[in-house]
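The values are calculated or read from the model by the stated rules, or taken from the named source; none is laboratory data. Predicted model, so just to flag it, every value in this text is computed and none were measured. All Cβ positions, glycine included, derive from the backbone under ideal geometry; neighbour counts span all protein chains shown. Note: accessible area is taken over every heavy atom of the protein model, side chains too, but ligands, DNA and RNA are not part of it. Shrake-Rupley method; radii C 1.70, N 1.55, O 1.52, S 1.80 Å.
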Protein chains: 2
Amino acid sequence: MLKLSRLADYAIVILVKLGEQDGVVTSPALAGITGVPEPTVAKVLKVLSAHGFVLSQRGAKGGYRLARSLAEMSVASVIAAVDGQIALTACVGGRECDTGLSCGLCGSWDVINTAIRSTLEGISLESMRPKEACSTVLHQINKLNVAQTIREGA
Amino acid sequence: MLKLSRLADYAIVILVKLGEQDGVVTSPALAGITGVPEPTVAKVLKVLSAHGFVLSQRGAKGGYRLARSLAEMSVASVIAAVDGQIALTACVGGRECDTGLSCGLCGSWDVINTAIRSTLEGISLESMRPKEACSTVLHQINKLNVAQTIREGA
DNA sequence: TAATTAAAGACCTGAATGGTCCTGTTTCGG
DNA sequence: CCGAAACAGGACCATTCAGGTCTTTAATTA
């Protein structure tokens, strides 16, 4: 279904929620806020920390806080950090498919991958925030002419 | 990794290859052309037939042929037929997430889903074909390579 | 009527994701 | 100085689901 992994989904939610708090927040606290089970929250935060999205503070009174503002984080970068490279198919870069099937579709998939990547890069976590941000998001999308650029590929 | 299911991948390849043949083609023949195992080809063709992408002819001298031209089939429609709705997350249409987690991300995901959907709708199977399209496609890739890099820290 | 081929669905298997837990290390408070 | 709190970094298990195979039935043609 072309669906996002749940971990990446969690990561987005956690980052947005974390951005709404001030000071450091513990993972149990974030679990309470988001409804995601605590161990899973901790796991996601570790990954996010390793990729520089959040700063951690160890010890008592420790916790996490954003490393930069939500506006400076793209949806694409978060997904890439949690799930790895954003690509629809295994055969990228014009390499032969690992299955050895002779699709001969050359780099057509790359175009699609790039288009989707660009789309996700154009959406910041800031614009994922609820309420008033909604209208601005729609505005952003309208400006994204990625589909037009790629259209028909020729 | 935000990846497409392999069945959908096969479906694209099979349709493109089928469009290059003339007359009806049996599934064993298509298996030979594409390198995909025959039972899987048959399975995919059944789905494609049910969704009106191909026309089937039973009995001796039977087989499959395209119901319409490749130019009239979008990548999005094929994926939707094989994999179901194209959506990154389970929570669509502003409904509450099934997990009951209070993400409160309003309809932000819908915007992303719509953006990706329209991107895929803008790409026809015709433009996925190899050969002459390759050079132009590769050219596009090179132009988009910069934005393609995953931004981690900055 | 016999051979060929699609239709339909049941069923098995294996990989991978999601989720949990454990141990170690750091930091703060008493 | 000691204990509690909280992150770091793994290992580990389990469930799900996609991928693939097989069997039976129906239709068409020669």
**Item:** Copies compared at residue A:84 - label distances in nm, ascending, label defined 7 Å from Cα in the Cβ direction
**Value:** 2.4
**Fill in**
Expected field for residue A:40, accessible surface area in Å² at 1.4 Å probe radius, rounded to 10, holds 40 Å²
**Prompt:** Could you give, in nm with one decimal, how far residue B:39 is from each other copy of that position, shortest first, with labels 7 Å out from Cα toward Cβ?
**Reply:** 3.6
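Return a whole-number percent for the relative contact order of the range A:1-83, with Cα pairs under 8 Å and 6 or more residues apart as the contact set.
36 percent
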**Asked** Where the centroid of each part is defined by its Cα atoms, how far is the range B:1-75 from the range A:10-56 in Å?
**Response** 45 Å
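So what's the net charge close to residue B:77: Lys and Arg +1, Asp and Glu -1, counting the other residues with Cβ under 12 Å from its Cβ?
Numbers: positive: B:68, B:117; negative: B:72, B:83, B:121.
Local charge sum for residue B:77: -1.
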